[in-house]
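Working notes for the structure below.
The values are calculated or read from the model by the stated rules, or taken from the named source; none is laboratory data. Note that the structure is a prediction, hence the values are computed from the model and not measured. So basically every Cβ, Gly included, is an ideal-geometry build from the backbone, and we count neighbours across all protein chains shown.
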Amino acid sequence: MKRKITLKDIAKELDVSISTVSKALKNSREIGKETTDKVQAFAKLYNYRPNNIALSLKNKHTKNIGVIIPDIVHYFFTTVFSGIENYANSKGYNVIICVSNESFDKEVINMEMLTNGSVDGFIMSLSAETQQKKDFNHLIEVQNQGIPLVLFDRVTDDVSCDKVILDDKKISIDVIQKFYDSRKRKIAIVTNQGFFSVSDKRAEGYREGLLKNNIFVDTALELKLNYKNIDENAIRHFFQNNEVDAVFCVNEIFAISCMKIVQSLGMKVPEQISFIGFTDGLLSRFSNPSLSIVAQHGDKMGEMAAKMLIDKIEAEFEDDEVATFRTEIIQATILERESTIN
């Protein structure tokens, strides 16, 4: 019996990306005719068929949920998964987790692997590369197969589905207000180098919070770091060449890294510089000084995502009924520790 060919197999054989194969099979205008013809001919020769479990979903459930997260290291994603698993288990569902490692290709492969009848639906947070590429064909294809999808935290407006997000912009405005109320006026932000939807929202809130308090938005006080490889020299140069009395970091790893370097430069935290980051992880709790944070309540986010998906799986829609989608917003809170002056 022939092994079923996959998108990955076609991409490898023709020396193109998985994204190119996916688009070529759908006659996307983004792909040239020669490449499209080559991909489609190869797929036809080897009898490629997209995974399709729409019929099985109508007749029976596997009672399994597929969860794809970008990173297992960040504490936030582990708390979301915990919330998903607790709620799913209480409803008699099992959870299969995959990690994309911020890779678009791995995200596509994970999703293709699980759409072979293994799961009834997906919960996922987009990888960095997926957001960078803005290629969401694999998500749309899954939905076209009748498989429900819920996105959380890192989401996109280009895919119509249920979503669970944090009030990133609002809580960031609140962080700046807290700094301002503590007489901080030279407030910096440390964020990612583009394409992260949540970081963009946090940066928007940072700027809006400054303007709300009549503080000039100085782009020189915006430090952008690579999420894969934090450049300590860039951090050191930033704080040596800018007068800063408060720092808002879009994650706890950036915050801890910056605090360490600031202290190595002889500056005192929080007496001279205050810090607030995102995520109530172990790093935040046991850093010296302990880091004030924005609590994202990942367990609540995971529980809500699981509820939305299971409700979708178990709902009985008429064939001609138009699916409706909603976005739930989890309210974040600020937890002050030693890195800020109360």
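Within region 4-53, the residues that satisfy the criterion of being in a loop (DSSP other than H, G, I, E, B), of a type in the set (Lys, Arg) and within 22 Å of Gln131 (Cα to Cα) are Lys26, Arg29. Against the conditions (1) in contact with a helix residue (DSSP H, G or I) (Cβ under 8 Å, 6 or more places away or on another chain); (2) more than 24 Å from Met308 (Cβ to Cβ); (3) surrounded by fewer than 16 Cβ atoms within 10 Å (Cβ to Cβ); (4) of a type outside the set (Gly, Ala, Ser), Gln145 satisfies every one except (2).
Report yes if Val198 is under 27 Å from Gln132 (Cβ atoms), surrounded by 20 or more Cβ atoms within 10 Å (Cβ to Cβ), hydrophobic (A, V, I, L, M, F, W, C) and over 19 Å from the mean Cα position of the chain (by Cα), otherwise no. Against the criterion (under 27 Å from Gln132 (Cβ atoms), surrounded by 20 or more Cβ atoms within 10 Å (Cβ to Cβ), hydrophobic (A, V, I, L, M, F, W, C) and over 19 Å from the mean Cα position of the chain (by Cα)), Val198 does not qualify.
Looking at region 157-184 only, could you name the residues that are of a type outside the set (A, V, I, L, M, F, W, C) and in contact with an Asp or Glu (Cβ under 7 Å, 6 or more places away or on another chain)? Those that are of a type outside the set (A, V, I, L, M, F, W, C) and in contact with an Asp or Glu (Cβ under 7 Å, 6 or more places away or on another chain): Lys169, Lys184. Go over the candidates Glu316, Glu303 one by one and state the one that is in the same structural domain as Phe77 (by TED's automatic domain parsing), within 25 Å of Gly66 (Cα to Cα) and at pLDDT below 90. Checking each option against the conditions leaves just Glu316.
State whether one or more residues within region 40-60 are under 23 Å from Ser127 (Cα atoms), buried (at least 16 other Cβ atoms within 10 Å of the Cβ) and modelled with pLDDT of 90 or more. No: region 40-60 contains no residue that is under 23 Å from Ser127 (Cα atoms), buried (at least 16 other Cβ atoms within 10 Å of the Cβ) and modelled with pLDDT of 90 or more. Where strands (runs of 3 or more DSSP E) fall entirely within region 241-342, those with at least 3 residues that are in contact (Cβ under 8 Å) with a residue 24 or more places away in the chain and either aromatic (Phe, Trp, Tyr) or crowded, with 16+ Cβ neighbours inside 10 Å (or both) are at 246-249, 274-278, 292-295. Within region 114-151, being part of a helix (DSSP H, G or I), among the hydrophobic types (A, V, I, L, M, F, W, C) and over 29 Å from Asn226 (Cβ atoms) holds for Leu114, Ile140, Val142. Test Ile84 against the criterion of being among the β-branched types (Val, Ile, Thr), assigned to a helix (DSSP H, G or I) and at pLDDT 95 or above, and give yes or no. Considered against the rule, which asks whether it is among the β-branched types (Val, Ile, Thr), assigned to a helix (DSSP H, G or I) and at pLDDT 95 or above, Ile84 comes out as yes. Of all the residues that make up region 159-193, how many are within 16 Å of the chain's Cα centre (by Cα) and touching a residue at least 40 places away in the same chain (Cβ under 8 Å)? The total comes to 10. For region 210-222, check the following and say yes or no: at least one residue is under 12 Å from Phe248 (Cα atoms), part of a strand (DSSP E or B) and touching a helix residue (DSSP H, G or I) at 6+ places or on another chain (Cβ under 9 Å). Yes, region 210-222 contains a residue that is under 12 Å from Phe248 (Cα atoms), part of a strand (DSSP E or B) and touching a helix residue (DSSP H, G or I) at 6+ places or on another chain (Cβ under 9 Å). Would you say Lys63 is modelled with pLDDT of 85 or more, of a type in the set (Lys, Arg) and over 30 Å from Ala315 (Cα atoms)? So Lys63 fails the test. Looking only at residues in region 173-200 that are at pLDDT below 95 and assigned to a helix (DSSP H, G or I), the one that is nearest to Val247 (Cα to Cα) is Ser199. If only residues of region 76-105 that are surrounded by fewer than 19 Cβ atoms within 10 Å (Cβ to Cβ) and either in contact with a Ser or Thr (Cβ under 7 Å, 6 or more places away or on another chain) or charged (D, E, K, R) (or both) are counted, the one that is farthest from Ile10 (Cα to Cα) is Lys91.
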